[in-house]
């Protein structure tokens, strides 16, 4: 029995030694520094200070600005440095790989990640450094309505939010606010989340930083529930790493019209009085004197011919009598 145990031990010890040696070759120690890249050139100069307390992987740099990670995979080790690790985002990761391996920054300046494939020396991968420069990013925002033509109560409206940046990564979100009278739809933009602001606003924050010179476009929509006369605003937030605030806000109009096609107005809005129209006095036609007709003789119902004949006869007798009398005097 003892012979069997001794034989097993003799066979197992070499196998254990091989396994231990194999395990040692599969893990490495990673070391480096974090420094403040004052001139932003991506290369560490002798007068640029090292930074304590910067998080890299599962550790932080010590009081001298150095860090060490042990037991890391020998190939394909992944670690991350905080992209906005110091001064509340006013210093951000500098552009990587700008110099030699002992003086440059190695971490992706957009998201802070690094995957290592270099061969260790005596089990150590050294000079894995992180430089932080004063921010030079300049994000700006635009907002554009997607609908065309008049907007009426009951219509759906959509606005396109466009965030652009320069040659540096951007680390901003955006607040979009509609005027009262719009019910917002559920926001479902890619690589981002949204938190409500009041009843008509959203704070959109992004899960990844924005790549240099790469526009980021999102859409926010809603339904018009009552007459509206106002603007939709887009305002960059979380912008400590942004150098110019003059282009961080934009707006676009939102105004409803009635069914007749005319714009609705707020009843509290003061409008100019209608111009006074002078009305010419009505022309009075000259009064026409009525034509007076002579009154007709009363009709007694007696035929007037016979009284006329009788009168003429008496007149003739009178002339005859006068004539006879004159003859007798003669």
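The values are calculated or read from the model by the stated rules, or taken from the named source; none is laboratory data. All of these numbers come straight from a predicted model, not from anything done at the bench. Reconstructed Cβ throughout: ideal geometry from the backbone, glycine too, with neighbour counts over all protein chains shown.
Taking (1) more than 30 Å from residue 246 (Cβ to Cβ); (2) without any contact (Cβ under 8 Å) to a residue 60 or more places away in the chain in turn, residue 91 satisfies each apart from (1). Report yes if residue 119 is exposed (fewer than 14 other Cβ atoms within 10 Å of the Cβ) and free of Cβ contacts under 8 Å to residues at least 24 places away in the same chain, otherwise no. Spelling it out, residue 119 is indeed exposed (fewer than 14 other Cβ atoms within 10 Å of the Cβ) and free of Cβ contacts under 8 Å to residues at least 24 places away in the same chain.
Out of all the residues in segment 206-218, is one or more buried (at least 18 other Cβ atoms within 10 Å of the Cβ), without any contact (Cβ under 8 Å) to a residue 24 or more places away in the chain and in the same structural domain as residue 234 (by TED's automatic domain parsing)? No, segment 206-218 has no match at all. For residue 148, the criteria (1) surrounded by 14 or more Cβ atoms within 10 Å (Cβ to Cβ); (2) not assigned by TED's automatic domain parsing to the domain that holds residue 39 hold in every case but one, which is (1). Number of residues in segment 223-241 that are part of a strand (DSSP E or B) and either more than 12 Å from the chain's Cα centre (by Cα) or outside the structural domain of residue 163 (by TED's automatic domain parsing) (or both): the value is 5. There is at least one residue in segment 190-202 that is within 30 Å of residue 96 (Cα to Cα) and either in contact with a helix residue (DSSP H, G or I) (Cβ under 6 Å, 6 or more places away or on another chain) or outside any strand (DSSP E or B) (or both).
Screening residue 53 on (1) surrounded by fewer than 14 Cβ atoms within 10 Å (Cβ to Cβ); (2) out of contact with any strand residue (DSSP E or B) (no Cβ under 6 Å at 6 or more places or on another chain) shows it passes everything except condition (2). The residues listed here are 112, 131, 85; of these, the one that is at pLDDT below 95 and buried (at least 19 other Cβ atoms within 10 Å of the Cβ) is 85.
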